[in-house]
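Asks: Sharing a structure with you now.
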Amino acid sequence: MTLQIDIHHRLGAFSLDAAFETGGRLTALFGPSGSGKTSLVNLIGGLLRPDKGRIVADGRVLVDTTSGIFVPKHKRRIGYVFQDARLFPHMTVEQNLRYGRFFTPSSDRYSDMDGVVDLLGLGHLLERRPGLLSGGEKQRVAIGRALLASPHLILMDEPLASLDDHRKAEIMPYIERLRDETKIPIVYVSHSVAEVARLATEMVVLDEGKVTASGQTSQILQRLDLLPEEERGEGGSVLEMRVTGRSEAFGMSSLASRAGDIQVVGLDAELGSTVRVRIRARDVIVATERPRGLSALNILAGRIAGINSGDGPIADVLIDCNSEIITARITRQSAEILNLTPGLDVFAVVKSVTFDRANTTRGIIGTQSSLEGTTEMEKVG
């Protein structure tokens, strides 16, 4: 589904001007607090009426102020998952889930209760009430309720923001399954680079109410200057890699891509499967000669494609490794000492332990959808 946005809206002193188009399976709206992310999803969902503009989802005009079109929120067929789950406390999990079907005519329902319960691992929770659920379990129920409305689009407004790291790790695989095993596009609000790198196929960067960039996640995350200062250490490169081997003795897995081969720790993936790997720019060391006698196992040969630096102490070095770009964040002093210039042959060195579970996730999917009974293969990004 293609989502087209071109709107202007004013909220007090804040002005939102956003124009972009996306066809991603999961599109992240990314930016710092106050950049307009939640306002934008509220406009898409029909909770706000824009002052001016147009919103089109899969060819269906939801808003067109010039033509006087404004489809009410209950007719948009959009599921909404808020930061807090907003479950009905007096209902069981099963009753909360079934409530999601209430406003959808039976002729328009495509989602299946058993399929949603299986997808989100809710079978053992059906008789419980929300007060007996963890934060992650509540959010899974909220996602299930949205799915059972048989939506054409799902909006997720920072669904992990209120969870601790343990609960985030618990729910993240379920969001991946939702992305991979259904045909329902997702618009996902986040201010976390780690979340976006793991989940998003495309991303839209917002800053002070304006879109500063949009496109494939792997390309946007290389532009560290587009990220908030506090998140630039999490930016870098995202690669699709194939699992080619495993060492049970050392707990290591071997991965291959056009950029070269690497080894990672503790990856739970089958041989031959494809995973998405995030290489943070701050974890990359640049060498002008192939290193020897290092504990770091991953050495990728490449050529400098560009260097981004200003008057500050930091330089971002873009290394072309067989048409895959690896970004290294080093000091400007190091760049001058090594005499780094575009076109110079170099080596990108990365420690294996930097590839934790948060940085290695599924990247290619071949699954049977439990909601729609369709088999699909999709490359993420």
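Asks: Going residue by residue through region 128-142, is there one that turns out to be surrounded by fewer than 21 Cβ atoms within 10 Å (Cβ to Cβ), within 15 Å of Tyr99 (Cβ to Cβ) and in the same structural domain as Lys75 (by TED's automatic domain parsing)?
Replies: Yes, because at least one residue in region 128-142 is surrounded by fewer than 21 Cβ atoms within 10 Å (Cβ to Cβ), within 15 Å of Tyr99 (Cβ to Cβ) and in the same structural domain as Lys75 (by TED's automatic domain parsing).
Asks: Looking at region 150-189, which of the residues that are under 20 Å from Phe30 (Cβ atoms) and of a type in the set (Asp, Glu) is modelled with the lowest pLDDT?
Replies: Asp165
Asks: Oh, and also: (1) part of a loop (DSSP other than H, G, I, E, B); (2) over 20 Å from Ser334 (Cβ atoms): which one isn't true of Leu294, the others all being true?
Replies: The failed condition is (2).
Listed here are the residues, each with its yes/no results for (1) of a type in the set (S, T, N, Q); (2) outside the structural domain of Ser352 (by TED's automatic domain parsing); (3) in contact with a strand residue (DSSP E or B) (Cβ under 8 Å, 6 or more places away or on another chain); (4) surrounded by 23 or more Cβ atoms within 10 Å (Cβ to Cβ).
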position	(1), (2), (3), (4)
Ser247	yes, no, yes, no
Ser254	yes, no, yes, no
Gln263	yes, no, yes, no
Glu270	no, no, yes, no
Thr274	yes, no, yes, no
Ile279	no, no, yes, yes
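Asks: Go through Phe82, Phe70, Phe14 for me and flag whichever is of a type in the set (A, V, I, L, M, F, W, C) and either in contact with a Phe, Trp or Tyr (Cβ under 8 Å, 6 or more places away or on another chain) or surrounded by 16 or more Cβ atoms within 10 Å (Cβ to Cβ) (or both).
Replies: Among Phe82, Phe70, Phe14, only Phe82 is of a type in the set (A, V, I, L, M, F, W, C) and either in contact with a Phe, Trp or Tyr (Cβ under 8 Å, 6 or more places away or on another chain) or surrounded by 16 or more Cβ atoms within 10 Å (Cβ to Cβ) (or both).
Asks: Please list, ordered by first then second residue, the pairs with beta carbon atoms under 9 Å, 6 or more apart or interchain, first in region 168-196 and over 18 Å from Ser150 (Cα atoms) and in contact (Cβ under 8 Å) with a residue 60 or more places away in the chain, second among the hydroxyl-bearing types (Ser, Thr, Tyr) and in a helix (DSSP H, G or I).
Replies: Val189/Thr38; Val196/Thr217
Asks: Among Met203, Met241, which is under 21 Å from Asp180 (Cβ atoms) and touching a Phe, Trp or Tyr at 6+ places or on another chain (Cβ under 7 Å)?
Replies: Met203
Asks: In addition: Among the strands (runs of 3 or more DSSP E) contained in region 304-380, which hold 1 or more residues that are modelled with pLDDT of 85 or more?
Replies: 314-321, 324-331, 345-350
Asks: Quick one: which strands (runs of 3 or more DSSP E) sit completely within region 97-212 and have at least 2 residues that are closer than 23 Å to Gly23 by Cβ and hydroxyl-bearing (Ser, Thr, Tyr)?
Replies: Of the strands (runs of 3 or more DSSP E) lying wholly inside region 97-212, those with at least 2 residues that are closer than 23 Å to Gly23 by Cβ and hydroxyl-bearing (Ser, Thr, Tyr) span 186-190.
Asks: Can you give me the number of residues within region 25-65 that are among the small types (Gly, Ala, Ser), farther than 14 Å from Val189 by Cβ and surrounded by 18 or more Cβ atoms within 10 Å (Cβ to Cβ)?
Replies: Here is the first cut: in region 25-65, the ones among the small types (Gly, Ala, Ser) are 28, 31, 33-36, 39, 45-46, 53, 57, 59.
Next, from what is left, pick out any that are farther than 14 Å from Val189 by Cβ: 46, 53, 57, 59.
Narrowing further to those that are surrounded by 18 or more Cβ atoms within 10 Å (Cβ to Cβ): 46, 53, 57.
Of the residues in region 25-65, 3 are among the small types (Gly, Ala, Ser), farther than 14 Å from Val189 by Cβ and surrounded by 18 or more Cβ atoms within 10 Å (Cβ to Cβ).
Asks: Just checking: which of the strands (runs of 3 or more DSSP E) contained wholly in region 10-73 hold 1 or more residues that are over 23 Å from Glu176 (Cα atoms)?
Replies: Strands (runs of 3 or more DSSP E) meeting the threshold: 14-22, 52-57, 60-64.
Asks: Can you tell me which of (1) in a helix (DSSP H, G or I); (2) more than 23 Å from Arg232 (Cα to Cα); (3) of a type in the set (S, T, N, Q) is the one Ser253 doesn't meet?
Replies: Going through (1) in a helix (DSSP H, G or I); (2) more than 23 Å from Arg232 (Cα to Cα); (3) of a type in the set (S, T, N, Q) one by one, Ser253 breaks only (1).
The values are calculated or read from the model by the stated rules, or taken from the named source; none is laboratory data. What you see is a predicted model, and the numbers here were worked out from it, not measured in a lab. When we count neighbours, we look across all protein chains shown, and the Cβ atoms used for this are built from the backbone with ideal geometry, even at glycine.
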